[in-house]
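The values are calculated or read from the model by the stated rules, or taken from the named source; none is laboratory data. This structure is a prediction, so every number in the text was calculated from the model and none was measured. Reconstructed Cβ throughout: ideal geometry from the backbone, glycine too, with neighbour counts over all protein chains shown.
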Amino acid sequence: MTTYPNTEETLDLIEKLVQIPSPSGFTDDVITFVENHLKDLDVPTNRNRKGGLIATLEGEDSSQHRMLTAHVDTLGAMVKEVKGNGRLKLDLIGGFQFNSIEGEYCTIHTTDGTFTGTILMRQTSVHVYKDAGTAERNQNNMEVRIDAKVENAEEVRALGIEVGDFVSFAPRVERTENGFIKSRHLDDKASVAIVMQLIKRLQETGDKLPYTTHFLISNNEEIGYGGNSNIPAETVEYLAVDMGAMGDGQSTDEYTVSICVKDASGPYHLGLRNNLVQLAKENDIGYKLDIYPYYGSDASAAIRAGHDIVHGLVGPGIDSSHAFERTHESSLKCTEELLYAYVRSELVKY
């Protein structure tokens, strides 16, 4: 008999997800992976025109719906310019700093294939550049060194590399014996794996949900509009499952589920927040309440788009967000347990 949540299985899923390149705008492969996984569970799905995936589980009440969302798109880049020295200038996809990708291995995705490379400062060699340590890490100083014998723009273009090609970053995923997983793109593939596991759990246990519940795997969250459409008119509650951001002054940690009370978009719905806290207390689930000052979610994007919904945000605590991320299996477990309790609970009074 399966024991839930199966955190080892969740970690395996995360490992597979983070190794599928999927910067915003280049997400078909990872959406297909999730789609096939849900198909094996006999869960009906459909894609929206933006390329996101929607799965639906029917509930006792089909007049009022819930929607949960997690996003598979990640940070990444595009080729901005093929430089005369045979290297590439980048344009960033998503909100992060150039210093967080310095020295990172990457893949350039062309129309006909892929090439590997390394993201470096133009002034990297300390034997040549006096300002190697002090030069600003910006678009003009950072470039991709392609793993190919090229010395000028013409030779690069002869390989099929061109402006607009997507560039993905090596995830460098590792798991430790004491329960940590560290990798790029835990934002938000850790949550996607949790949602996938939640759906599997509901299917295997045969739990009948009180309300028809939709699961949106969105693919444009990092650029601001992944989950602001395809919300059925019957939807009352909309819960984004995304990372909890850690840092100075934050209460979020890597061992509990983070419940966001406010981010850059403003406060989340008080009634839904109180319901989530009550569910955590009733089920002995570790949680932290927190404010993310420079953050927006698919739920806040839906509110900005004008949807009349009750919105909330929860997720596992992720250290060093949008850089070298890490979380612990206990945070994954707490998040899944809270979601499991939530989808089986009553709607909030609004």
How many residues, within segment 153-170, are surrounded by 13 or more Cβ atoms within 10 Å (Cβ to Cβ), of a type outside the set (V, I, T) and assigned to a loop (DSSP other than H, G, I, E, B)? 5
Is there a residue being within 14 Å of I285 (Cα to Cα) and in contact with a helix residue (DSSP H, G or I) (Cβ under 7 Å, 6 or more places away or on another chain) anywhere in segment 307-315? yes
Can you give me the number of residues within segment 214-254 that are of a type in the set (V, I, T) and buried (at least 24 other Cβ atoms within 10 Å of the Cβ)? 3
Sort through K333, K281 and tell me the only one that's in contact with a Ser or Thr (Cβ under 9 Å, 6 or more places away or on another chain) and among the charged types (D, E, K, R). K333
Hey, K80 within 22 Å of L186 (Cα to Cα), surrounded by fewer than 17 Cβ atoms within 10 Å (Cβ to Cβ) and modelled with pLDDT of 95 or more or not: no
Is there a residue being out of contact with any Lys or Arg (no Cβ under 6 Å at 6 or more places or on another chain) and buried (at least 17 other Cβ atoms within 10 Å of the Cβ) anywhere in segment 130-142? yes
Any idea which of R66, R87 is outside the structural domain of P293 (by TED's automatic domain parsing), touching a residue at least 12 places away in the same chain (Cβ under 8 Å) and basic (K, R)? R87
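Among the strands (runs of 3 or more DSSP E) confined wholly to segment 229-345, which include 3 or more residues that are farther than 22 Å from D187 by Cβ and modelled with pLDDT of 95 or more?
Qualifying strands (runs of 3 or more DSSP E): 235-241.
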Residue list for segment 32-88, restricted to those being under 21 Å from I108 (Cα atoms) and of a type in the set (V, I, T): T32, V72, T74, V79, V82
Criterion first (over 30 Å from L92 (Cα atoms) and crowded, with 24+ Cβ neighbours inside 10 Å) does E177 satisfy it? no
Of all residues in segment 82-103, which are out of contact with any helix residue (DSSP H, G or I) (no Cβ under 9 Å at 6 or more places or on another chain) and not in a loop (DSSP other than H, G, I, E, B)? K89, D91, F98, N99, S100, I101
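Name the single residue that is farthest from L209 (Cα to Cα) among those in segment 42-76 being among the small types (G, A, S) and part of a strand (DSSP E or B).
Across segment 42-76, the extreme among qualifying residues is G76.
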